[in-house]
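Comments concern the structure below.
The values are calculated or read from the model by the stated rules, or taken from the named source; none is laboratory data. Every value quoted in this text rests on a predicted model; they were computed, and no experiment measured them. Using ideal geometry, Cβ is built from the backbone for each residue, glycine included, and neighbour counts are taken over all protein chains shown. Heavy atoms of the whole protein, side chains included, go into the accessibility calculation; ligands, DNA and RNA do not. Shrake-Rupley method; radii C 1.70, N 1.55, O 1.52, S 1.80 Å.
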Amino acid sequence: MAHALDRHLALIGFMGAGKTTLGAQVAERLGRRFVDLDRELERSLRQTIPELFEQRGEVEFRVLEAEATMAALRNERPAVLALGGGAVETPSIRKALEEHALTVLVEVDAATAWSRVGGSRRPLARDEASFRALFGRREPLYAEVAEATAKDVDGIVLAAGGIVVEQGALARLGELVPEGELEVIGDATVLGLHRPPLEAPVHALRGGEEAKSLGAVERLWRELQLDRSGTIVAFGGGCTTDSAGFAAATFLRGIDWVAVPTTLVGQVDAAIGGKTAVNLPEGKNLVGAFHWPVSTAIDPALLETLPETERRAGMAEVVKTGLLAGEPLWELEPIELVRRCAAFKAGVCLRDPHEQGERAVLNLGHTFAHALEAAGHYRGLGHGEAVALGLLAALRLSGLETSAVEEVLGPKPVRVSRDAAWAALARDKKARNGTPRLVLLEALGKPVSGVELPEQRVRAALDELIAD
């Protein structure tokens, strides 16, 4: 498994799989060009595919198809490419896909494909028996070339991010980590409940914010025995993946890592997108790096042992994602909830991997949350509680209804120093010259970042979150 952060995302599959429709939607989600190779051929040659087959024959068509596909793959600007159904039969295309793209198979069965395109003008879809025989012949080639499979837009976006969301993913972990030496960094409590099925040295971290200290990461740096070809496997909640990911980003100037989040916060938010960091006494996540994991294995079954307090903490991130997406994602069943939230965040992060712009919207509610956590010295106030309060402030400043946050999360004011919270807010890494820059909502599903409001309004919103 890998990601398409700096590579093309190539969609393969049999005719009728929906590559063109899904590819256009995925390209919009990822902010990339969409290249439909069949349409490009028709445009450049001024002939339809049926006309090309009829006038030039399939052999010449495959040569032309290979030339167009290779040219698209060699373009350095990453795009979403939809390949023709038979492109994988050409060896040079298979080799180029391996070198230049993350290849995703868009799944479809023969019966469904025939129901969509059978009897059409497509030259290879006129007889059902030969259609099914062709399906059977190509199926092994698709399996050989594809690095991931998907059936819908969210599935393709997750694959682009190197993310697997499935019940039982933990048992498949050996397939998802790179070859070579491995070392596991795990939450001590989680390691006692769900030891990862890997033969590798294990480094235990304390759970929670204690894991996100320079002291904890320094211990990891001293203990790690990997060389630059090795891989760290981070196994735990959001604090563990933050700390282990930062250790991977900095050890030997950067080695690969794999994220295996075990909490709801981690599965829907913290372990996705390559942000890694540790805290300082002056503020949260002030020292960190962007370092995308080579793969992320999300197994919702791990949530079965999650304490209720941790589940509620994760629901704060779910509500945040739903507000950003403009959908009540918090109402979904657990597996679909995790999948939809993970896909939403992956799409935003793939569009803006280093937070140069749009990705900042993911901080909705977090500017206030981090200020409250810092004022409480990262003790007593959980991250989920802080985010719930931060969402309340963001909605109030946006002039929007707060019922979703109040009914799902039920946040209560906390006892921290108002002055300390305001000082932390002004020091937030997104602040400019001491002025907080906020993420607010014009409407549900329409976030806006970098908002500067009068200090009096912002401080009043913060004060409402703090108990007298």
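Can you name the residue in segment 273-300 that is among the small types (Gly, Ala, Ser) and open to solvent by less than 20 Å² (accessible area, probe 1.4 Å) and is also nearest to residue 332 (Cα to Cα) among such residues?
First pass over segment 273-300, keeping only residues among the small types (Gly, Ala, Ser): 273-274, 277, 283, 288-289, 295, 297.
Restricting the remaining residues to those that are open to solvent by less than 20 Å² (accessible area, probe 1.4 Å) gives 273-274, 277, 283, 295, 297.
Working: 273: 23, 274: 26, 277: 30, 283: 34, 295: 25, 297: 21 Å.
In this case the residue turns out to be 297.
Filter segment 208-243 down to residues that are surrounded by fewer than 24 Cβ atoms within 10 Å (Cβ to Cβ) and not in a helix (DSSP H, G or I), then give me how many there are.
Looking only at that region, the number is 9.
Could you please find all residues in segment 15-32 being open to solvent by less than 60 Å² (accessible area, probe 1.4 Å) and either of a type in the set (Lys, Arg) or part of a helix (DSSP H, G or I) (or both)?
Within segment 15-32, 19, 22, 23, 24, 26, 27, 30, 32 qualify.
Answer yes or no as to whether residue 62 is more than 22 Å from residue 159 (Cβ to Cβ) and either open to solvent by 10 Å² or more (accessible area, probe 1.4 Å) or in a helix (DSSP H, G or I) (or both).
So residue 62 passes the test.
Taking segment 326-366 as the search range and keeping residues that are assigned to a helix (DSSP H, G or I) and among the charged types (D, E, K, R), which one is nearest to residue 402 (Cα to Cα)? Let's see the steps before the verdict.
Kept after step one, since they are assigned to a helix (DSSP H, G or I), are these residues of segment 326-366: 329-331, 334-351, 358-363, 366.
Now restrict to residues that are among the charged types (D, E, K, R): 331, 336, 339-340, 345, 351, 358-359.
Numbers: 331: 16, 336: 24, 339: 25, 340: 22, 345: 22, 351: 29, 358: 24, 359: 23 Å.
Here the answer is 331.
Quick check on my filter: what residues within segment 22-38 are closer than 20 Å to residue 346 by Cβ and touching a helix residue (DSSP H, G or I) at 6+ places or on another chain (Cβ under 9 Å)?
Matches in segment 22-38: 22, 23, 25, 26, 29, 30, 31, 32, 33, 34.
Which one of these does residue 452 not meet: (1) open to solvent by 40 Å² or more (accessible area, probe 1.4 Å); (2) more than 29 Å from the chain's Cα centre (by Cα); (3) over 30 Å from residue 331 (Cβ atoms); (4) free of Cβ contacts under 8 Å to residues at least 60 places away in the same chain?
So residue 452 meets the others, but not (2).
For segment 244-262, does any single residue satisfy the condition of being open to solvent by 20 Å² or more (accessible area, probe 1.4 Å), modelled with pLDDT of 95 or more, among the β-branched types (Val, Ile, Thr) and farther than 21 Å from residue 365 by Cβ?
Yes, there is a match, as at least one residue in segment 244-262 is open to solvent by 20 Å² or more (accessible area, probe 1.4 Å), modelled with pLDDT of 95 or more, among the β-branched types (Val, Ile, Thr) and farther than 21 Å from residue 365 by Cβ.
I'd like the full set of residues that are assigned to a helix (DSSP H, G or I) and open to solvent by 20 Å² or more (accessible area, probe 1.4 Å), limited to segment 167-180. Write out each step before concluding.
Within segment 167-180, the first condition is being assigned to a helix (DSSP H, G or I), and the residues that meet it are 169-176.
Scanning segment 167-180 gives 170, 171, 172, 174, 175.
Counting just the residues of segment 117-166 that are open to solvent by 40 Å² or more (accessible area, probe 1.4 Å) and among the basic types (Lys, Arg), which one comes out nearest to the chain's Cα centre (by Cα)?
Per the criteria, the residue is 151.
Restrict the check to segment 187-197 and report whether at least one residue is under 28 Å from residue 3 (Cα atoms), at pLDDT below 95 and surrounded by fewer than 18 Cβ atoms within 10 Å (Cβ to Cβ).
Taking every residue of segment 187-197 in turn, at least one turns out to be under 28 Å from residue 3 (Cα atoms), at pLDDT below 95 and surrounded by fewer than 18 Cβ atoms within 10 Å (Cβ to Cβ).
For residue 270, are the conditions met, namely being in contact with a strand residue (DSSP E or B) (Cβ under 6 Å, 6 or more places away or on another chain) and either at pLDDT below 95 or crowded, with 19+ Cβ neighbours inside 10 Å (or both)? Explain how you work it out, then say what you get.
On the way: in contact with a strand residue (DSSP E or B) (Cβ under 6 Å, 6 or more places away or on another chain): no; either at pLDDT below 95 or crowded, with 19+ Cβ neighbours inside 10 Å (or both): yes.
Against the criterion (in contact with a strand residue (DSSP E or B) (Cβ under 6 Å, 6 or more places away or on another chain) and either at pLDDT below 95 or crowded, with 19+ Cβ neighbours inside 10 Å (or both)), residue 270 does not qualify.
Hey, residue 71 hits all of (1) surrounded by 15 or more Cβ atoms within 10 Å (Cβ to Cβ); (2) over 18 Å from residue 139 (Cα atoms) but one; which does it fall short on?
The number of the failed condition is (1).
How many residues are open to solvent by less than 20 Å² (accessible area, probe 1.4 Å) and either within 16 Å of residue 454 (Cα to Cα) or assigned to a helix (DSSP H, G or I) (or both) if we restrict to segment 382-438?
17
From the residues in segment 92-116 that are open to solvent by 50 Å² or more (accessible area, probe 1.4 Å) and under 20 Å from residue 153 (Cβ atoms), which one is nearest to the chain's Cα centre (by Cα)?
107
Please list, ordered by first then second residue, the pairs with beta carbon atoms under 8 Å, 6 or more apart or interchain, first in segment 291-320 and under 10 Å from residue 267 (Cα atoms) and part of a loop (DSSP other than H, G, I, E, B), second open to solvent by 40 Å² or more (accessible area, probe 1.4 Å) and not hydrophobic (A, V, I, L, M, F, W, C).
Once the first residue is under 10 Å from residue 267 (Cα atoms) and part of a loop (DSSP other than H, G, I, E, B) and sits in segment 291-320, its partners that are open to solvent by 40 Å² or more (accessible area, probe 1.4 Å) and not hydrophobic (A, V, I, L, M, F, W, C) give 299/166; 299/167.
With respect to the numbered conditions (1) part of a helix (DSSP H, G or I); (2) among the hydrophobic types (A, V, I, L, M, F, W, C); (3) at pLDDT 95 or above; (4) under 24 Å from residue 236 (Cβ atoms), which one is the sole condition not fulfilled by residue 184?
Status for residue 184: all satisfied but (1).
Of all residues in segment 33-47, which are open to solvent by 40 Å² or more (accessible area, probe 1.4 Å) and touching a residue at least 24 places away in the same chain (Cβ under 8 Å)?
The answer is 33, 34, 40, 44.
Pick from segment 327-360 the residues that are touching a strand residue (DSSP E or B) at 6+ places or on another chain (Cβ under 7 Å) and either among the hydroxyl-bearing types (Ser, Thr, Tyr) or at pLDDT 95 or above (or both): which of them is surrounded by the most Cβ atoms within 10 Å (Cβ to Cβ)?
Here is the first cut: in segment 327-360, the residues touching a strand residue (DSSP E or B) at 6+ places or on another chain (Cβ under 7 Å) are 338-339, 342, 346, 353-354, 360.
Going one step further and asking which of them are either among the hydroxyl-bearing types (Ser, Thr, Tyr) or at pLDDT 95 or above (or both), we end up with 338-339, 342, 346.
On the way: 338: 23, 339: 23, 342: 27, 346: 25.
Within segment 327-360, the match that is surrounded by the most Cβ atoms within 10 Å (Cβ to Cβ) is 342.
When segment 441-468 is examined, which residues are found to be of a type in the set (Asp, Glu) and outside any helix (DSSP H, G or I)?
Of the residues in segment 441-468, the ones of a type in the set (Asp, Glu) are 442, 452, 455, 463-464, 468.
Correct list: 442, 452, 464, 468.
Take residue 278 and decide whether it is part of a helix (DSSP H, G or I) and of a type outside the set (S, T, N, Q). So that I can check it myself, show each step before the final result.
On the way: part of a helix (DSSP H, G or I): no; of a type outside the set (S, T, N, Q): yes.
No: the conditions fail for residue 278.
On the basis of being in a loop (DSSP other than H, G, I, E, B), within 14 Å of residue 13 (Cα to Cα), open to solvent by less than 50 Å² (accessible area, probe 1.4 Å) and not acidic (Asp, Glu), does residue 88 make the cut?
Here the answer is no, as residue 88 does not meet what is asked.
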